[in-house]
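**Student:** Take this structure first; my questions come after.
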Amino acid sequence: MFNQLGGAPSNPNKDLEVTSPPDDTVSALEFSPPSLPQTFLVSGSWDCRVRCWEVEASGKTVPKAVQSMDGPILDVAWHDDGSKIFMASTDKSVKCWDLASNQAIQVAAHEAPVKTCHWIKAPNYTCLMTASWDKTLKFWDTRSAVPIMNMNLSERCYCADVDYPMAVVGTADRGICLYTLEGKPGEFKRVESPLKHQHRCIAIFRDKKTKQPTGFALGSVEGRVAIQYVNPTNPKDNFTFKCHRPPANTTGYQDIYAVNDIAFHPAHGTLATVGSDGSFSFWDKDARTRLKSSEMLDQPLTKCAFNHNGQIFAYAVGYDWSKGHEHFNPAKKNYIYLRACYEDLKPRST
Amino acid sequence: MGRKKKKASKPWCWYCNREFDDEKILIQHQKAKHFKCHICHKKLYTGPGLSIHCMQVHKEAIDKVPNSLPNRSNIEIEIYGMEGIPPEDMKEHEKQKSGGGKGDEDSDDDEPAAKKKATPALLGPGPSQVTQGILPTPMGPVPPGMYPGHMQMQMMPPFMQAPRMMMPGMRPLFPAASMPPTSTSKPTFPAYSMYSGSNTTTTYYSNATISAPPTTTTPSSSSEHKENGEVKPPAANACPLVTATGAGSKIIHPPEDVSLEEIRARSAKYRAKPKADAPAAQPQPAPAMITPSTSQAEVAAHMNAAVAAARQQQAAAALRRGVLNSMGGMGSMGGMGSMGAMGGMVGMLPPQGMVPRVPVPHVPVSVPQMPPVVPMLPVMPQFNLVRQLQPGMLLPGGMMPMGAMFPSGMVMQPRYR
């Protein structure tokens, strides 16, 4: 029980292990869009590689392809037709990987590592949105060396999400900026942060009835998630909750871990969080309850994703640097696990 | 913005850095939290008083003031309310208050239990579960003095009242809910009205209600970030640190308030490989990177010098121009059809590791200096969690005892319902 090191097993939740996992920590995890009949899972990792697996109905994963860049990968995004994958790297570029030809070509550039990339599909245009530590947000049509739009951020980008017609970027110094993508991308408003610590992850959620994006969930390094509506009907709609804080240990200190990623279930509108503490949790933000919390793994969880119909929950296990470089153990294997999650994420019926 | 008025003169507790509206309440707090005998629960008046009491009555020596911050646990110092606070700590506190204490803001973790209790209906319909002193969790009772900071899904009342920043003439983007909020700002708990009142606007640079953390951040090192035109944190960000102000908790994160990815990307192992067509980009950041004086290197190891960036961008542009020619009809390429071919085209990969791993030698932390040609750079020492005192980084060493790496076993998080 109090065995501090290596006590937790690597797969205590009995989930399906993805074969041939990345050699270093996973920094991005995305399932293929609904336009593809099969399900593919793509990961970007600190070993500078982007890997693609096909996930069969049985849960079996088949490695399909791999692509590499000159620096560690910080984000990946699918093209809406599923034919291409965008890869953002610390090498300050974003490449477009055409899966059919297995060619990767540069489609975006920044003056600093590119933290996020998102494919935007609007009725009247498509483009790639990239945000970087160079404090800019850029929009690219992928065929031109110059961005079609270039916007300044208040700080370095730490996280971003896109759900047409909304985009949101979280930055260092606790900045949040909302963008409207209707017609063309434009800044909508800057929002005061509901959180008091460094932003780490952000995810847009939709209104239950209209199915339109209506707010976002923001996670910080202080084990806390804020649910924030763009235009709350009632100020009480916005709230924050704590997570990824295991009970105090024998030293009397409570350890507070970063929320590493947030994902909303595409069908239920409930959400999953993964944390540096090595656990994931499912939440119902409307009932303000936790639906499930996982067993503790022996390494942090860095990323998570739902597939497009919400049947599969994928999460990545690997060291996230939260205890500094000296706690990095290269001998420890990285994992990606898959879990059938549809039932677990059903909202609480009250 | 609106909340800066009153903060200068608020009484605060030397032991835990908490602020109070009233010195009387502060004294009550100190008696209850810091001067209470853990054996007979008698409330004493000062630290030495407690120590003498325990020694004489219970024959027990107390070496630390209960529930105090690690560097404020001295039981010898006689402090009563605001009296007896060492002048340097007083000054330090003032500085924290006036200088951008941003990022130091406390979470509501260590709000008094009473206040939490008073926050209405946090968890939907059932506001009842919280019994003071007992956590609504399966964890059993709180060790004495632990702040009951475990409530999940705790509402943060202050934020609800944050003013909207609707720009005039802007139409609502997301029609789902376009009603502007009605602002209701009534303090939930009168005794703490200044609290919540001052909390209502959480500005970016606003200061903490509960004051700064024990870690001393001095603005001095802020001005000198910056060499080779790298992106520097803004002034308000002076020496941002990630610290939990709650005396009973610590945030598992490197001390710098910089994202884990940025910190990681700085380390030698993860530097981007020099590009074939932009070889100039690599060498020059090296010297800057090795300097052990932490704060300059701050943000930007990865963000190569702006100089280099400019050059590199040219190169990149050239590269792309070349590439674009060959890319002609990309837009028209059929997605679905080509995807089907993917499996065949790319082929199955060997099961053991899809790609051979590039061996990376492990660089010892203490490597003093390396010639810039070597692509591996020593890992900078300031990532040490157990901080060492370093120039430009005024931190009480070993502030946060590193506890368990991973609390093992099955750790259930508390349920709040």
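**Student:** Buried (at least 24 other Cβ atoms within 10 Å of the Cβ) and touching a residue at least 60 places away in the same chain (Cβ under 8 Å): which single residue out of A:THR61, A:THR25 fits that description? Give the steps one after another, and end with the answer.
**Tutor:** On the way: A:THR61 fails: buried (at least 24 other Cβ atoms within 10 Å of the Cβ).
Unique residue meeting the criteria: A:THR25.
**Student:** For region A:92-112, check the following and say yes or no: at least one residue is of a type in the set (D, E, K, R), surrounded by fewer than 24 Cβ atoms within 10 Å (Cβ to Cβ) and in a loop (DSSP other than H, G, I, E, B).
**Tutor:** The answer is yes; a qualifying residue exists.
**Student:** Next question. Checking the condition farther than 21 Å from B:THR243 by Cβ and surrounded by fewer than 24 Cβ atoms within 10 Å (Cβ to Cβ), which residue from A:ALA267, A:ALA217 passes?
**Tutor:** A:ALA267
**Student:** What strands (runs of 3 or more DSSP E) lie completely within region A:227-294 and have 2 or more residues being hydrophobic (A, V, I, L, M, F, W, C) and either at the interface with chain B (Cβ under 7 Å from one of its Cβ atoms) or at positive phi (or both)?
**Tutor:** On the way: elements: A:239-242, A:254-256, A:259-264, A:271-275, A:280-284, A:289-293.
Counting at least 2 such residues, we get A:239-242.
**Student:** Just wondering, is there one or more residues in region A:225-237 that are within 20 Å of the chain's Cα centre (by Cα), in contact (Cβ under 8 Å) with a residue 60 or more places away in the chain and under 23 Å from A:SER294 (Cβ atoms)?
**Tutor:** No, region A:225-237 contains no residue that is within 20 Å of the chain's Cα centre (by Cα), in contact (Cβ under 8 Å) with a residue 60 or more places away in the chain and under 23 Å from A:SER294 (Cβ atoms).
Residue-wise test of (1) within 13 Å of the chain's Cα centre (by Cα); (2) closer than 20 Å to A:LYS14 by Cβ.
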position: A:ILE262; (1), (2): yes, no
position: A:PRO266; (1), (2): no, no
position: A:THR270; (1), (2): no, no
position: A:SER279; (1), (2): no, yes
position: A:LYS292; (1), (2): no, yes
position: A:PHE306; (1), (2): yes, yes
position: A:ASN309; (1), (2): no, no
position: A:VAL317; (1), (2): no, yes
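**Student:** Can you name the condition, by its number, that A:TRP321 falls short on among (1) within 25 Å of B:GLU262 (Cα to Cα); (2) modelled with pLDDT of 95 or more?
**Tutor:** If we test A:TRP321 against (1) within 25 Å of B:GLU262 (Cα to Cα); (2) modelled with pLDDT of 95 or more, just (2) comes out false.
**Student:** Would you point out which residue out of A:PRO147, A:PRO123, A:PRO165 is within 19 Å of A:PHE216 (Cα to Cα) and surrounded by fewer than 24 Cβ atoms within 10 Å (Cβ to Cβ)?
**Tutor:** On the way: A:PRO147 fails: within 19 Å of A:PHE216 (Cα to Cα); A:PRO123 fails: within 19 Å of A:PHE216 (Cα to Cα).
The unique qualifying residue is A:PRO165.
**Student:** Separate question: Against the definition (more than 15 Å from A:LEU74 (Cβ to Cβ), in a loop (DSSP other than H, G, I, E, B) and in contact with a helix residue (DSSP H, G or I) (Cβ under 9 Å, 6 or more places away or on another chain)), how does A:LYS184 come out, yes or no?
**Tutor:** Details: more than 15 Å from A:LEU74 (Cβ to Cβ): yes; in a loop (DSSP other than H, G, I, E, B): yes; in contact with a helix residue (DSSP H, G or I) (Cβ under 9 Å, 6 or more places away or on another chain): no.
For A:LYS184, the condition - more than 15 Å from A:LEU74 (Cβ to Cβ), in a loop (DSSP other than H, G, I, E, B) and in contact with a helix residue (DSSP H, G or I) (Cβ under 9 Å, 6 or more places away or on another chain) - is not met.
**Student:** Six or more apart or on different chains, Cβ under 7 Å: which pairs go from a residue in region B:249-272 that's touching a residue at least 40 places away in the same chain (Cβ under 8 Å) to one that's basic (Lys, Arg)? Could you list them?
**Tutor:** B:PRO255/B:ARG387
**Student:** Evaluate the following for A:THR19: is it at the interface with another protein chain (Cβ under 9 Å from one of its Cβ atoms) and touching a residue at least 24 places away in the same chain (Cβ under 8 Å)?
**Tutor:** It is true that A:THR19 is at the interface with another protein chain (Cβ under 9 Å from one of its Cβ atoms) and touching a residue at least 24 places away in the same chain (Cβ under 8 Å).
**Student:** Here is a follow-up. Please tell me if B:LYS24 is over 11 Å from B:ILE75 (Cβ atoms) and at pLDDT below 85. Before the answer, list the steps.
**Tutor:** On the way: over 11 Å from B:ILE75 (Cβ atoms): yes; at pLDDT below 85: no.
It is false that B:LYS24 is over 11 Å from B:ILE75 (Cβ atoms) and at pLDDT below 85.
**Student:** How many residues, within region A:216-226, are assigned to a strand (DSSP E or B), within 8 Å of chain B (Cβ to nearest Cβ) and either out of contact with any Pro (no Cβ under 6 Å at 6 or more places or on another chain) or of a type outside the set (A, V, I, L, M, F, W, C) (or both)? Explain how you work it out, then say what you get.
**Tutor:** Taking region A:216-226 as the starting set, the residues that turn out to be assigned to a strand (DSSP E or B) are A:216-220, A:224-226.
From the residues that got through so far, the ones that are within 8 Å of chain B (Cβ to nearest Cβ) too are A:224, A:226.
Imposing the further condition that a residue be either out of contact with any Pro (no Cβ under 6 Å at 6 or more places or on another chain) or of a type outside the set (A, V, I, L, M, F, W, C) (or both) reduces the set to A:224.
Of the residues in that region, 1 qualify.
**Student:** Name the residues in region A:163-181 that are in contact with a Ser or Thr (Cβ under 9 Å, 6 or more places away or on another chain) and assigned to a strand (DSSP E or B), would you?
**Tutor:** The first filter runs over region A:163-181 and keeps only residues in contact with a Ser or Thr (Cβ under 9 Å, 6 or more places away or on another chain), leaving A:165-167, A:169-177.
A:MET166, A:ALA167, A:VAL169, A:GLY170, A:THR171, A:GLY175, A:ILE176, A:CYS177, listed by residue number.
**Student:** A follow-up question, please. Name the residues in region A:229-266 that are in contact with an Asp or Glu (Cβ under 9 Å, 6 or more places away or on another chain) and of a type in the set (Asp, Glu), would you?
**Tutor:** A:ASP255
**Student:** Right, another one. So, in region A:126-144, exactly how many residues are surrounded by fewer than 24 Cβ atoms within 10 Å (Cβ to Cβ) and hydroxyl-bearing (Ser, Thr, Tyr)?
**Tutor:** Of the residues in region A:126-144, 4 are surrounded by fewer than 24 Cβ atoms within 10 Å (Cβ to Cβ) and hydroxyl-bearing (Ser, Thr, Tyr).
**Student:** Among the listed residues A:PRO213, A:PRO165, A:PRO194, A:PRO185, which satisfies the condition of being touching a residue at least 60 places away in the same chain (Cβ under 8 Å) and not aliphatic (A, V, I, L, M)? If you could, list the steps in order and put the result at the bottom.
**Tutor:** Working: A:PRO213 fails: touching a residue at least 60 places away in the same chain (Cβ under 8 Å); A:PRO165 fails: touching a residue at least 60 places away in the same chain (Cβ under 8 Å); A:PRO194 fails: touching a residue at least 60 places away in the same chain (Cβ under 8 Å).
Just a single option satisfies the conditions, and that option is A:PRO185.
Conditions (1) in a strand (DSSP E or B); (2) within 12 Å of chain B (Cβ to nearest Cβ); (3) under 14 Å from the mean Cα position of the chain (by Cα), marked per residue:
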{"position": "A:CYS117", "(1), (2), (3)": "yes, no, yes"}
{"position": "A:ILE120", "(1), (2), (3)": "yes, no, no"}
{"position": "A:PHE139", "(1), (2), (3)": "yes, no, no"}
{"position": "A:THR142", "(1), (2), (3)": "no, yes, no"}
{"position": "A:ALA145", "(1), (2), (3)": "no, yes, no"}
{"position": "A:SER154", "(1), (2), (3)": "no, yes, no"}
{"position": "A:ALA160", "(1), (2), (3)": "yes, no, yes"}
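**Student:** Hey, another quick one. Can you find, within region B:11-51, the residue that is farthest from B:GLU83 (Cα to Cα) among those that are among the hydrophobic types (A, V, I, L, M, F, W, C), outside any loop (DSSP other than H, G, I, E, B) and within 32 Å of the chain's Cα centre (by Cα)?
**Tutor:** From region B:11-51, those among the hydrophobic types (A, V, I, L, M, F, W, C) are B:12-14, B:16, B:20, B:25-27, B:32, B:35, B:37, B:39-40, B:44, B:50; that's our starting set.
Remaining after also requiring outside any loop (DSSP other than H, G, I, E, B): B:12, B:25-27, B:32, B:50.
With within 32 Å of the chain's Cα centre (by Cα) added as a condition, the list becomes B:12, B:25-27, B:32.
Values: B:TRP12: 11, B:ILE25: 14, B:LEU26: 11, B:ILE27: 10, B:ALA32: 17 Å.
The extreme case among them is B:ALA32.
The values are calculated or read from the model by the stated rules, or taken from the named source; none is laboratory data. Nothing here was measured: the structure is a model prediction, and the numbers come from that model. Note that each Cβ is placed from the backbone with ideal geometry, even for glycine, and that neighbours are counted across all protein chains shown.
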